[in-house]
């Protein structure tokens, strides 16, 4: 199976429609302004000279590339001549920065000339190249223009000449993975096998002894053991991929790497790669927050160990959840198993989407599951959405994901079509030998009903496969008004029949409020409960609920889902009765009473309101908690 | 009131008897060996030359001084000619290191000659001097020998010439307080008013503008703002003492400072100092663990903010609890209020005593209230008793406290006698004009009965004041077999009458097992409960209870106290029924089930056993928790 090209899908209205509009109208311009103001665009003029301030940073190129990718994808669904012209301008600058041999990197061209490809372990040359390639592919697909595509093809050809198994070539691979999946994309677009082979080389060579980063460090005259993270696990290069069983190191690197490995497995059918990916997936699941956030630690921006999921210090980078989504979607092409789609959906609606403000102009880099501003003062500056970051990977990552979301909804192999996500809009494709339009009308995830209407040029036999989200307990399906018995296989119902023009399916996904409990080995969540409805994980904000630490949810609590059209742009909240600890009024305590009493605490009944996690910190700043104490 | 001199008291048998014996027989020799092995003794020979390894460290002198103080105090109650001879040897070395002008500091004499007194903020010259003075006083009191006393008098005279308000004098004060209380001690022993005045100068000058540490830094050619902690709060020198309302900075420094301030308040009767101390006491209470540990943060070894009392990362240095005891005892001399004795007792039996292994040879520097070795690997090395520390302040501190404990049990003003602590042994004193021996027979804190027998040369009228510990709810008292009505004033019952030889009091302190709840503002303890019996706080160890995170205590649990003669040298344990979370067996779960379920967790009944906190980590290494989740 393959996903539909973005141009064959359209998201309209519903939950995601307004995000796509805000993306082009607010997020893309806001990011451009930040990039221009910080010198990232200007850098491609190569005017920087030693001694000048603000030298081009090693990852600046990737920010511009990801912005081009995001902006281009928005043009597919929302044509915008002004934005297209701006893209042309930026692309002309980039083209002008390409060196005669095809090399293209602002930092190494002006700041460290002569040091190209000498520190793959820590610098981001191949990472930036990968994002430029993805941008070139996206821009071509969106506009049909080859202006950036030809540039990145020349750059890819140059990289292909430098790296590989040949005796004169470097046997290295990127410290920050990304170029692998980009090369596979370029191969699928151009049919040029060399890009596939180079992507495969980067995947297969990774972690082979003797370790390239050690060789490379010695060549620089450095002790290979003496570097920041002191373990090749940080870059997932500690072992060849088939020997990896545990998700380790920097999360975003890991997600991009596993995505590239999944692409390779898809192209080659190599079962040993799929087996490795499933082992790594199991490991990620044991290290994943309920929000689909991964990476608890700011220290390595990465994995630590199973069940280590502190809520308050959670790093859970937006990019890591975006990367998890991208990897999980690729797993669906290897194995139509709804568990991957469930995880993709969890990351999408919670840990990734939380990275963007409702108005599209402010961002989270870190996505903790609990914030107590009084305590936090000691840990780090108050957690609040920012308009930019020095290390600005997250804004463009959530932006490019939203822009291309349509391409992840459906996949087809020509004989069948699978619906992975319930998102209002339309898809056009050819299946069972006929042209088909599939329309989804749904208010998912706010409501559980999904209407699917098929328009066919002529009747045709094919299988339509519908994912039943893992959180549904009693889904129901009607075909042209008649109930269909549901027998999902790996989470997908397959309806194989001769379809007629106008056939209508109504899928009713039950959307109760779930209380969620973590595995007891997650000590941070012991005795605690989270609330989830459909794919949305909820949280409590201080602005609705006052002091959050003192709230506890009785197991018997009745929980009600309520649509509030005027709140946060219109959201379903979860409301109910909770208990609030009643501290003894200080005035009633003896002086110097101290903190410890032998009387158990007293609780009073209070109402509480939970909002979707992705909407938090869009009103006044304050505290937040996903996990409530259960009583 | 004043405490009795150590030589007028004797601890025999009971809870503390074996600690005092282990102290002289095991702890004192173990510490001496460590000091000799690490060069701390040898350092006084002043043989170190630039370029040699292991230069005398700025706080080494204090380790030796505190060892002398501890060893000397043990001689008062347990004569030991061998130890006395060893003391003579060490003292001869120290005397030999004294400079012609009286100065005495190994580090500055051989490592940084010429830099004396140039960095009071960060170096420990006056701190080491203070401990040497305390050692000289203790050695004289214990042996009658002036060998060390005369040395420290010469050193005190030298310091008195350097520091003070005079135009040629330095207007500084110690970065690490200690010398203040030592000078007051030296004054009380010698009657030499100059030492009192110098101690008062150090207290009163502290924090006065312009700030001495800034002046001193500029004199060194440094930016006064550029130092490790970047706030004078770290050294409690941010404000003059009477303006201080919040306990801040390094905890041990704070405790020694407040002790010195209490000494000054006692000598001068200055009510404004007592008021400041009470404000600071209130602040300490809001930052104190249930164990009497203070200082949650390894960062500054000190205070952070009210209610910030994480159990797992708790620093709670042994020295800080020793210091809290020393300060609280001094508060009793300003105001006979049992709240100070309650806090002293809490620190003594829990946060301080936990610093010493049952055999007297291993030590805790940090005293966390929860240890999970699996999690801890990421935070710091596994927490386990050590035989020494590079920064070795804690071993000698708990040792010197145990050695002089007898002097803190009773105080008298000649007209009355107050009993602050229930410790088996004997005291000899003069009160109401007659010589009296007061004998305590008690197994406190294991049992609640205390027998007090008075032996008088002749009948005498005086008040006998008995502290009722704050945790007792229904104490009973019999005088010569007849019940006495109890009307405690500030926690002390006062029995004023004409006492006869052979009068016998039997005090029955109720010793139920208390469940203890923290103020809800202590978020680390929310929904949790601790167990306490008498002054002893209990904990659960992994060796008795398996995995601790999964245990929860039902509010209805029956808790039983049981003496176990063969456990940990004989302790009362607390036993009962708890609930243990039953994780789904991994084999029964679908692969890739993930961590999150919508079914509430299942618990099973299990027995648990809690042991006194001070006894933990005396068997096999493992997990520990003071606070259990309540269910």
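The values are calculated or read from the model by the stated rules, or taken from the named source; none is laboratory data. Everything numeric here is computed off the predicted structure, so don't read it as measured data. Heads up, the Cβs are rebuilt from the backbone with ideal geometry, glycines too, and the neighbour counts pull from every protein chain shown.
Out of all the residues in region B:54-70, is one or more out of contact with any helix residue (DSSP H, G or I) (no Cβ under 8 Å at 6 or more places or on another chain), under 23 Å from residue B:388 (Cα atoms) and in a loop (DSSP other than H, G, I, E, B)?
First, pick out the residues of region B:54-70 that are out of contact with any helix residue (DSSP H, G or I) (no Cβ under 8 Å at 6 or more places or on another chain): B:54.
When the remaining residues are screened for being under 23 Å from residue B:388 (Cα atoms), the result is B:54.
After this cut, where a residue has to be in a loop (DSSP other than H, G, I, E, B) as well, the list is B:54.
Among the residues of region B:54-70, at least one is out of contact with any helix residue (DSSP H, G or I) (no Cβ under 8 Å at 6 or more places or on another chain), under 23 Å from residue B:388 (Cα atoms) and in a loop (DSSP other than H, G, I, E, B), which makes the answer yes.
Is region A:59-77 home to any residue that is modelled with pLDDT under 95 and closer than 28 Å to residue A:408 by Cβ?
Here is the first cut: in region A:59-77, the residues modelled with pLDDT under 95 are A:77.
Now restrict to residues that are closer than 28 Å to residue A:408 by Cβ: A:77.
Yes, that holds for at least one residue.
Just one of the numbered conditions (1) more than 10 Å from chain B (Cβ to nearest Cβ); (2) touching a strand residue (DSSP E or B) at 6+ places or on another chain (Cβ under 7 Å); (3) outside any loop (DSSP other than H, G, I, E, B) is not true of residue A:274; which one?
For residue A:274, the failing item is (2).
Within the group B:257, B:307, which residue is within 11 Å of chain A (Cβ to nearest Cβ) and either in a loop (DSSP other than H, G, I, E, B) or touching a residue at least 12 places away in the same chain (Cβ under 8 Å) (or both)? Please lay out each step first, then the result.
Working: B:257 fails: within 11 Å of chain A (Cβ to nearest Cβ).
Answer to the check: B:307.
Can you name the number of the only condition in (1) more than 23 Å from residue A:73 (Cα to Cα); (2) in contact with a helix residue (DSSP H, G or I) (Cβ under 7 Å, 6 or more places away or on another chain); (3) buried (at least 22 other Cβ atoms within 10 Å of the Cβ) that residue A:397 fails?
Of the numbered conditions (1) more than 23 Å from residue A:73 (Cα to Cα); (2) in contact with a helix residue (DSSP H, G or I) (Cβ under 7 Å, 6 or more places away or on another chain); (3) buried (at least 22 other Cβ atoms within 10 Å of the Cβ), the odd one out for residue A:397 is (1).
So, in region A:165-189, how many residues would count as being over 14 Å from residue A:206 (Cβ atoms) and over 25 Å from the mean Cα position of the chain (by Cα)?
Going residue by residue through region A:165-189, those that are over 14 Å from residue A:206 (Cβ atoms) are A:166-169, A:182, A:184-189.
With over 25 Å from the mean Cα position of the chain (by Cα) added as a condition, the list becomes A:166-169.
Adding up the residues that qualify gives 4.
Can you work out which of the residues in region B:599-611 that are within 14 Å of chain A (Cβ to nearest Cβ) and either surrounded by fewer than 13 Cβ atoms within 10 Å (Cβ to Cβ) or touching a helix residue (DSSP H, G or I) at 6+ places or on another chain (Cβ under 7 Å) (or both) is nearest to residue A:331 (Cα to Cα)?
Looking at residues that are within 14 Å of chain A (Cβ to nearest Cβ) and either surrounded by fewer than 13 Cβ atoms within 10 Å (Cβ to Cβ) or touching a helix residue (DSSP H, G or I) at 6+ places or on another chain (Cβ under 7 Å) (or both), I get B:599.
For region B:421-444, check the following and say yes or no: at least one residue is out of contact with any strand residue (DSSP E or B) (no Cβ under 9 Å at 6 or more places or on another chain), away from chain A (no Cβ under 14 Å) and within 20 Å of residue B:325 (Cβ to Cβ).
First pass over region B:421-444, keeping only residues out of contact with any strand residue (DSSP E or B) (no Cβ under 9 Å at 6 or more places or on another chain): none.
No, region B:421-444 contains no residue that is out of contact with any strand residue (DSSP E or B) (no Cβ under 9 Å at 6 or more places or on another chain), away from chain A (no Cβ under 14 Å) and within 20 Å of residue B:325 (Cβ to Cβ).
Specify which of the listed residues (B:348, B:324, B:353, B:333) is away from chain A (no Cβ under 11 Å), part of a helix (DSSP H, G or I) and surrounded by fewer than 24 Cβ atoms within 10 Å (Cβ to Cβ). If you could, list the steps in order and put the result at the bottom.
On the way: B:348 fails: surrounded by fewer than 24 Cβ atoms within 10 Å (Cβ to Cβ); B:324 fails: surrounded by fewer than 24 Cβ atoms within 10 Å (Cβ to Cβ); B:353 fails: surrounded by fewer than 24 Cβ atoms within 10 Å (Cβ to Cβ).
Answer to the selection: B:333.
Can you name the number of the only condition in (1) under 19 Å from residue A:67 (Cβ atoms); (2) in a loop (DSSP other than H, G, I, E, B); (3) touching a helix residue (DSSP H, G or I) at 6+ places or on another chain (Cβ under 7 Å) that residue A:120 fails?
Just one mismatch for residue A:120, condition (1).
Please indicate, with yes or no, whether at least one residue in region A:390-403 is modelled with pLDDT under 95 and either in a strand (DSSP E or B) or in contact with a strand residue (DSSP E or B) (Cβ under 7 Å, 6 or more places away or on another chain) (or both).
No, because not a single residue in region A:390-403 is modelled with pLDDT under 95 and either in a strand (DSSP E or B) or in contact with a strand residue (DSSP E or B) (Cβ under 7 Å, 6 or more places away or on another chain) (or both).
State all residues of region B:277-295 that are touching a strand residue (DSSP E or B) at 6+ places or on another chain (Cβ under 7 Å), more than 9 Å from every other protein chain (Cβ to nearest Cβ), closer than 12 Å to residue B:343 by Cβ and outside any strand (DSSP E or B); if no residue qualifies, say none.
Residues satisfying the conditions are B:284, B:291.
Scan region B:523-538 and give yes if some residue there is in contact (Cβ under 8 Å) with a residue 60 or more places away in the chain, within 7 Å of chain A (Cβ to nearest Cβ), at negative phi and under 32 Å from the mean Cα position of the chain (by Cα), otherwise no.
Within region B:523-538, one or more residues are in contact (Cβ under 8 Å) with a residue 60 or more places away in the chain, within 7 Å of chain A (Cβ to nearest Cβ), at negative phi and under 32 Å from the mean Cα position of the chain (by Cα).
Taking the condition of being in contact with a helix residue (DSSP H, G or I) (Cβ under 7 Å, 6 or more places away or on another chain), within 12 Å of chain A (Cβ to nearest Cβ) and part of a strand (DSSP E or B), how many residues in region B:549-584 meet it?
Residues flagged as in contact with a helix residue (DSSP H, G or I) (Cβ under 7 Å, 6 or more places away or on another chain), within 12 Å of chain A (Cβ to nearest Cβ) and part of a strand (DSSP E or B) within region B:549-584 amount to 1.
Of all the residues that make up region A:214-238, how many are more than 25 Å from the chain's Cα centre (by Cα), at negative phi and assigned to a loop (DSSP other than H, G, I, E, B)? Let's see the steps before the verdict.
Quick first cut of region A:214-238, residues more than 25 Å from the chain's Cα centre (by Cα) only: A:214-228, A:230-231.
From what's left, at negative phi: A:214-220, A:222-228, A:231.
Filter once more, so that each one left must be assigned to a loop (DSSP other than H, G, I, E, B): A:220, A:222-228, A:231.
The qualifying residues number 9.
What number of residues within region B:312-321 are in contact with a strand residue (DSSP E or B) (Cβ under 9 Å, 6 or more places away or on another chain), away from every other protein chain (no Cβ under 12 Å) and on the phi < 0 side of the Ramachandran plot?
First, pick out the residues of region B:312-321 that are in contact with a strand residue (DSSP E or B) (Cβ under 9 Å, 6 or more places away or on another chain): B:312-318, B:320-321.
Those still in the list that are away from every other protein chain (no Cβ under 12 Å) too: B:314-318, B:320-321.
Still in the running and on the phi < 0 side of the Ramachandran plot: B:314-315, B:317-318, B:320-321.
The number of residues fulfilling the criteria is 6.
If I filter region B:501-517 down to residues being surrounded by 14 or more Cβ atoms within 10 Å (Cβ to Cβ) and not in a strand (DSSP E or B), which single residue comes out as farthest from the other protein chains (Cβ to nearest Cβ)?
Here is the first cut: in region B:501-517, the residues surrounded by 14 or more Cβ atoms within 10 Å (Cβ to Cβ) are B:501, B:503-509, B:511-517.
From the residues that got through so far, the ones that are not in a strand (DSSP E or B) too are B:501, B:503, B:509, B:511-512.
Values: B:501: 39, B:503: 33, B:509: 15, B:511: 13, B:512: 9 Å.
Ranking the qualifying residues of region B:501-517, first place goes to B:501.
Would you confirm whether or not region A:451-471 contains a residue that is surrounded by fewer than 22 Cβ atoms within 10 Å (Cβ to Cβ), within 12 Å of chain B (Cβ to nearest Cβ), farther than 30 Å from residue A:625 by Cβ and under 29 Å from the mean Cα position of the chain (by Cα)?
Looking for residues that are surrounded by fewer than 22 Cβ atoms within 10 Å (Cβ to Cβ), within 12 Å of chain B (Cβ to nearest Cβ), farther than 30 Å from residue A:625 by Cβ and under 29 Å from the mean Cα position of the chain (by Cα), one finds none in region A:451-471, hence no.
Output the residues belonging to region A:238-255 that are surrounded by 24 or more Cβ atoms within 10 Å (Cβ to Cβ) and out of contact with any helix residue (DSSP H, G or I) (no Cβ under 7 Å at 6 or more places or on another chain).
Result: A:254, single match.
Restricting the first residue to region A:544-567 and requiring it to be surrounded by fewer than 18 Cβ atoms within 10 Å (Cβ to Cβ), which pairs with a second residue that is assigned to a loop (DSSP other than H, G, I, E, B) and modelled with pLDDT under 95 meet a Cβ separation below 8 Å and a spacing of at least six or different chains?
Listed pairs, sorted by first residue: A:554/A:631; A:555/A:631; A:555/B:600.
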